[in-house]
Amino acid sequence: MASTLHAKYGLKRVINASGRMSILGVSAPTDTVMEAMRIGGQNYVEIADLVDKSGDYIAKALGSEAAVVVNSASSGIALSVAALVTKGDRRASERLHQDPIERNEIVMLKGHNVQYGAPVETMIYLGGGKLVEAGYANEGKAEQLEAAVSPRTAAILYVKSHHAVQKNMISVEEAWEVAQRKGVPLIVDAAAEEDVWKYAKCSDLAIFSGSKAIEGPTSGIVAGKRVYVEWLKVQLHGIGRAMKVGKESIFGLLQALDEYRGKKDKSALERAALQALLPLNDLPGVKVTVVQDEAGRAIFRGRVHIDAATAGTNAAKVAKELQDGEIAIYTRDYGVRQGYFDIDPRSLQGDDLQVIADRIRELAGGR
């Protein structure tokens with residue numbers, strides 16, 4: 001069915017060995033999630049009531065005071081910032097980028113100001129905030145974060161992501177302590193994190209993608225203190241109008257969250273599956289190892305190192321050729337300048353892993 005649908009619109013088959021990436025559609029929801037979307041989409045509901053009731057349901061599941069469904073984790077950042085700089089004032093929200101706001105600074109560690117498909121700072125400014133960076137690209141200390149807080153600070157933003165600098169950075173718990181000492185709210189962007197319960201408990205507003213770890217439809221969750229969530233809901237009639245989420249996505253997300261709470265840890269099976277890549281070690285200049293996620297999550301990937309001098313090609317070229325093939329194979333290519341790319345097994349289906357191994361063997365000179 002998928003191949004028929006792809007053919008109808010002239011689309012390639014795509015193998016996603018990159019992970020839960022937005023450029024590839026993030027995740028593949030289950031049949032039961034899609035069924036919830038179908039039923040939700042084909043029936044009418046009072047949207048305001050659905051926003052409130054779905055938020056209450058999610059808050060109970062996460063152990064937070066309140067929650068709201070948004071259309072993505074990115075919009076969650078912008079809407080959270082807008083909520084805290086306007087304090088829920090309706091006029092200030094409607095005139096967000098027209099009238100000056102005195103207390104609009106958002107303090108963030110310099111190593112967290114990353115480009116994840118859009119710059120984090122763009123979402124801050126979209127929400128009416130003004131970025132104030134603390135620390136350095138290779139150093140983010142509690143005292144540096146604390147020193148950057150001023151009477152103009154509306155919030156501290158902590159980004160928990162593999163994109164962010166991991167070296168020499170304080171933990172989210174330490175940032176939470178700083179925020180509490182200074183009496184300012186802490187926003188945590190934990191878009192792809194799997195332990196959603198942890199981040200809901202050490203923040204004032206925690207942001208999650210509904211389509212990454214939770215594997216729901218394109219959506220996001222903002223959970224936290226009730227007063228701040230209520231301020232955020234005001235933004236749904238301001239900049240949030242351009243970010244609205246459909247009823248079908250809300251119902252799909254609720255079903256996905258139900259399933260996520262009972263989800264079994266598959267990391268050991270995924271790690272074992274990567275053994276299928278090890279025969280590639282027979283290729284001259286190719287070395288395959290299994291590595292753990294750089295942000296410390298229980299995610300394991302196959303790392304393919306290519307010694308250009310021995311293999312006669314390099315990691316960047318092979319990664320590009322994998323993408324450009326008749327079957328588009330997307331790897332996790334952040335390390336190509338260092339001579340490697342990674343194979344993330346979480347989104348692989350059917351014979352994907354064997355197709356990847358065969359194609360790498362072909363490109364690296366094994367045939």
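The values are calculated or read from the model by the stated rules, or taken from the named source; none is laboratory data. For clarity, every value in this text was computed on a predicted model and none was experimentally measured. Note that each Cβ is placed from the backbone with ideal geometry, even for glycine, and that neighbours are counted across all protein chains shown. Remember, those area values only see protein heavy atoms, side chains included, never the ligands or the DNA or RNA. Shrake-Rupley method; radii C 1.70, N 1.55, O 1.52, S 1.80 Å.
Annotation: the range 209-261 has a Kirkwood hydrodynamic radius of 11.9 angstrom, from the mean reciprocal C-alpha pair distance. Heads up, I need the accessible area for HIS97: 1.4 angstrom probe, whole protein in place, Å², nearest 10. Around 110 Å² of this residue is reachable by solvent. For the pair the range 1-79 / the range 304-333, the C-alpha centres are spaced 32 Å from each other. For trypsin sites (Lys or Arg not before Pro), the sites in the range 157-243 that DSSP calls loop and that have at most 13 other Cβ atoms within 10 Å are LYS167.
Of the residues ASP204, ASP89, the one with the largest accessible area comes first in the ranking ASP89, ASP204, computed with a 1.4 Å probe on protein heavy atoms. Over the Cα atoms of the range 100-217, the radius of gyration divided by the Kirkwood radius equals 0.95; this is the Rg/Rh ratio. Once the Cα atoms are used to define both axes, helix 172-182 deviates from the longest principal axis of the chain by about 20 degrees. Among the chymotrypsin sites (Phe, Trp or Tyr not before Pro) in the range 41-118, those placed in a DSSP loop whose Cβ has at most 11 other Cβ atoms within 10 Å are TYR44.
Just checking the listed ones, VAL68, VAL286, VAL234: in the Gaussian network model of the chain with Cα springs under 10 Å, the one fluctuating most is VAL286.
Looking at the range 30-107, the GluC sites (Glu not before Pro) that sit in a DSSP loop and have at most 13 other Cβ atoms within 10 Å of their own Cβ are GLU46, GLU102.
Per residue, the accessible area of the range 174-256 comes to 35 Å², computed with a 1.4 Å probe over protein heavy atoms only.
Relative to the dominant Cα principal axis of the chain, helix 47-62 is inclined by about 70°.
The phi torsions of the range 144-151, fed into the Karplus equation with coefficients 6.51, -1.76 and 1.60 and a -60° offset, translate into couplings of 5, 5, 5, 5, 7, 6, 9, x Hz, rounded to whole numbers, with Gly and Pro shown as x. In this structure, the pairs whose alpha-carbon distance is over 24 Å, taken from LYS12/LYS244; LYS141/LYS233; LYS53/LYS225, are LYS12/LYS244; LYS141/LYS233. Looking at the chain, the DSSP beta bridges with both ends there are about 55 percent antiparallel.
If the Kirkwood radius is taken over C-alpha pairs of the range 1-150, then at 20 °C and 1.002 mPa s the Stokes-Einstein diffusion coefficient equals 112 µm²/s.
For the range 47-96, a crude dipole built from +1 on the beta carbon of Lys and Arg and -1 on the beta carbon of Asp and Glu, taken about the Cα centre, is about 160 debye to the nearest 20.
Normalising the average separation of contacting C-alpha pairs (under 8 angstrom, six or more residues apart) by the number of residues puts the relative contact order of the chain at 22 percent.
According to the Kirkwood relation over distinct C-alpha pairs, the hydrodynamic radius of the range 16-95 is 15.5 Å. Since only ALA36, LEU363, GLY325 are under comparison, the one whose Cα sits farthest along the positive direction of the charge dipole of the chain, derived from C-beta charges on Lys, Arg, Asp and Glu, is GLY325.
Relative to the longest principal axis of the chain, what angle (0 to 90°, nearest 10) does the C-alpha long axis of helix 73-86 take? Taking the Cα atoms of the chain, the angle to 73-86 is about 20 degrees.
Extension gain, ASN43 to ASN281: 0.36 nm times the residue separation minus the Cα-Cα distance gives 80.3 nm. For the range 358-365, backbone phi angles converted through the Karplus equation (6.51, -1.76, 1.60; θ = phi - 60°) give residue-by-residue couplings of 5, 6, 5, 4, 5, 6, 8, x Hz, Gly and Pro being listed as x. Residues LEU79, LEU353 ordered from highest to lowest accessible area at a 1.4 Å probe: LEU353, LEU79.
Counting only protein heavy atoms and a probe of 1.4 Å, the accessible surface of the chain is 51% carbon and sulfur.
With the convex hull of its Cα atoms as the shape, the chain has an orientation-averaged projected area of 19.3 nm².
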